[in-house]
C-alpha cells in the first residue's frame, strides 16, 4: 500500500494579507480588493520570479463600522464598499485560482458588530426572538455586574443597556457583543455564513479565536492572579478555553469537508501547545491546522525554538499537521522582535530558513519577505483600540499594520494619497522594487527558499528529526521523504560554529548563506558562518 498523497495545504506556503494595507487602487488611502488583484503576479505568476505563494489568508473584508477594523462584522455575506464589491471579490477569486492561489476567508464566530441586524434585533426587547443569540444578564443588584470578567481591550466585559435594563457581554469592545453559542440557532447562522462563501468557491477559512466561542454556562467569576493590567489579573478559565469550543471546530470541519479541498486553520490564542493541540480533535477531526503561538512568542534562540518545535510535535502526535508563523496583524513583526542592529537582516534570513524548512505549513505575513519592521505610529495617529487604551504602555497593533512598502515612490507605492496609517520611514530603501534588483536581498532569499521547498518532497511534507550534539546556537534537523534526505543547519549565533556528523560522508548544498549552492559538503566537518544557513541534500 502506498502512502496517501498529502493534502494541498500540507504542501502549501500561505501568505496573510491585511487588505487595508496591501495595495490601494483607487486613491483613498485604504487598500482594496482590486489592489490585491493587481499584485497577484508578485505572489505567484508560475515562475521563480514570484514568491511562489499557494494560498492567501484575507483578513476580514465584510461590512464593518471598523471599531476593531473588520473584526466587528455587520454582515457576514457581503463585502465592505471601502474594499470593493462582491463582483471585485469574485474576480479576485477567479484571478487567484487562475494562478494556482487558494483563498482563505477570515471567519469571526464569537462576536459581531453592535450594528449587526442580529444584535439590533436582540437589543430591541427582552422578548426579541434573537434575545438569546447574545449573552444578556440582570444586574445582581443595582450597579453590580454579573461577574468579574474583564474585556481584553480594557475595561469591564459587561455593558449596561438602558432600554432593556440588562447587561450584555463583550470580550472585546462594547461595540463587539459576544454571540451565545449555547443557542443552536447561532451555530447554524455562522455555519450558514461559511457555506455562503464555500459555495462561491473559497478554499477555506481562518477561524478567529476559536477558543473564545463558548463561555462557562454558569458565568462564574474568574479566579484572581498576578498581572500588570486588570485583564491579566485573572486566570481566564471561565470566559474562554471551554471544552465545548473544540466541538465547534469539529462542526466547522464537517461543513468544510463537504467541499473538495476545503481547509480550516484555527487561531487558538494560547501559549500552551497541549491546549492548542486539543483543537485538532482527538483523532484529527477538528481543525486541519492550528496556529502555534508558543513558537511565534519564542525569542531568537536555537534552544528555545527547538524546544517549541519539539513541544508542538509531541502535542500533536500523529493526529494533525503542524502550522507555524512568526508575524501577523496582531503582533510585533519578527524582524523588529529579532532586531540586532546591523545583524537584523541576517537574523531575518535565519528565521525565514527555519520557517520554510520545518515540517508543517508556514504562514507568511505580508512584508516580512522584505524585512518590514514595526511601523512608527505616534500617539495621535493611533487607531487600534488596544494602542489607544493602553498608551503609553502598549504599542498596540497599528505598528504591525502599516502599509506594504512596494517602492521608493511617495507613500511607498501603496497609494497615491496619504494612507490610513503612516508608512514606515525606511520605505525608501526597504521596499520590493529595491530588493527585486538586489541578488543578495531578503526578498530574493525568501523566493529561493520557497521554490526550493516546492521542489522537494522532504522539505514540503517529509518527516522531522532534530539532531543532538551540535554546538550552542545551532539548530539542526533532518527532513526525510522516501529516499530523499535533507539536512538543515541554522546558526543563530553571531560567531562561527563548526560540528560534524560522523559516518554520513558528504552531501550537496542546495542552498546556503553565504552562497554555496551546488558545493560538496563534508558532513564530518560542517562550518557555519555567523547567522549562517546550510541546506544539504544527503
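The values are calculated or read from the model by the stated rules, or taken from the named source; none is laboratory data. As the structure is a computational prediction, the values presented were derived from the model and not from experiment. Methodologically, a virtual Cβ is constructed for each residue, glycine included, from the backbone with ideal geometry; neighbour enumeration extends over all protein chains shown.
Checking the conditions here, which among 131, 99, 91 is within 22 Å of residue 164 (Cβ to Cβ) and more than 21 Å from the chain's Cα centre (by Cα)? Please lay out each step first, then the result.
On the way: 99 fails: within 22 Å of residue 164 (Cβ to Cβ); 91 fails: within 22 Å of residue 164 (Cβ to Cβ).
The conditions single out 131.
Please tell me if residue 38 is under 22 Å from residue 364 (Cα atoms), surrounded by fewer than 20 Cβ atoms within 10 Å (Cβ to Cβ) and in contact with a helix residue (DSSP H, G or I) (Cβ under 8 Å, 6 or more places away or on another chain). Spelling it out, it is not the case that residue 38 is under 22 Å from residue 364 (Cα atoms), surrounded by fewer than 20 Cβ atoms within 10 Å (Cβ to Cβ) and in contact with a helix residue (DSSP H, G or I) (Cβ under 8 Å, 6 or more places away or on another chain). Listed by position, the helices (runs of 4 or more DSSP H) enclosed by the stretch 302-406 that each have at least 3 residues that are buried (at least 23 other Cβ atoms within 10 Å of the Cβ) and in contact (Cβ under 8 Å) with a residue 60 or more places away in the chain are 344-357. The set of residues from the stretch 249-276 being in contact with a helix residue (DSSP H, G or I) (Cβ under 7 Å, 6 or more places away or on another chain), in a helix (DSSP H, G or I) and over 24 Å from residue 54 (Cβ atoms) comprises 251, 273, 274.
Among the residues of the stretch 51-92, those identified as surrounded by fewer than 21 Cβ atoms within 10 Å (Cβ to Cβ) and not in a loop (DSSP other than H, G, I, E, B) are 86, 87, 88, 90, 91. Taken over the stretch 226-242, residues that are surrounded by fewer than 12 Cβ atoms within 10 Å (Cβ to Cβ) and modelled with pLDDT of 95 or more amount to 1. Considering every residue within the stretch 216-224, establish whether at least one is within 20 Å of residue 108 (Cα to Cα), in contact (Cβ under 8 Å) with a residue 12 or more places away in the chain and part of a loop (DSSP other than H, G, I, E, B). Yes.
Can you tell me which residue among 129, 177 is surrounded by fewer than 20 Cβ atoms within 10 Å (Cβ to Cβ) and over 30 Å from residue 8 (Cα atoms)?
Values: 177 fails: surrounded by fewer than 20 Cβ atoms within 10 Å (Cβ to Cβ).
The conditions single out 129.
Looking across the stretch 111-159, the residues that are within 18 Å of residue 211 (Cα to Cα), in a loop (DSSP other than H, G, I, E, B) and in contact with a strand residue (DSSP E or B) (Cβ under 6 Å, 6 or more places away or on another chain) come down to 135, 157.
Among the strands (runs of 3 or more DSSP E) contained in the stretch 431-538, which hold 2 or more residues that are under 22 Å from residue 12 (Cα atoms)?
Numbers: elements: 463-466, 474-481, 484-491, 497-499, 506-513, 520-522, 526-528, 533-537.
It comes to 463-466, 474-481, 484-491, 506-513, 533-537.
Of the residues making up the stretch 430-440, just one is buried (at least 20 other Cβ atoms within 10 Å of the Cβ) and more than 18 Å from residue 41 (Cβ to Cβ), namely 430. When the stretch 191-210 is filtered for residues that are within 14 Å of the chain's Cα centre (by Cα) and assigned to a loop (DSSP other than H, G, I, E, B), the ones remaining, listed by number, are 208, 209.
In the condition set (1) under 24 Å from residue 208 (Cα atoms); (2) touching a helix residue (DSSP H, G or I) at 6+ places or on another chain (Cβ under 9 Å), residue 98 is compliant with all but (1).
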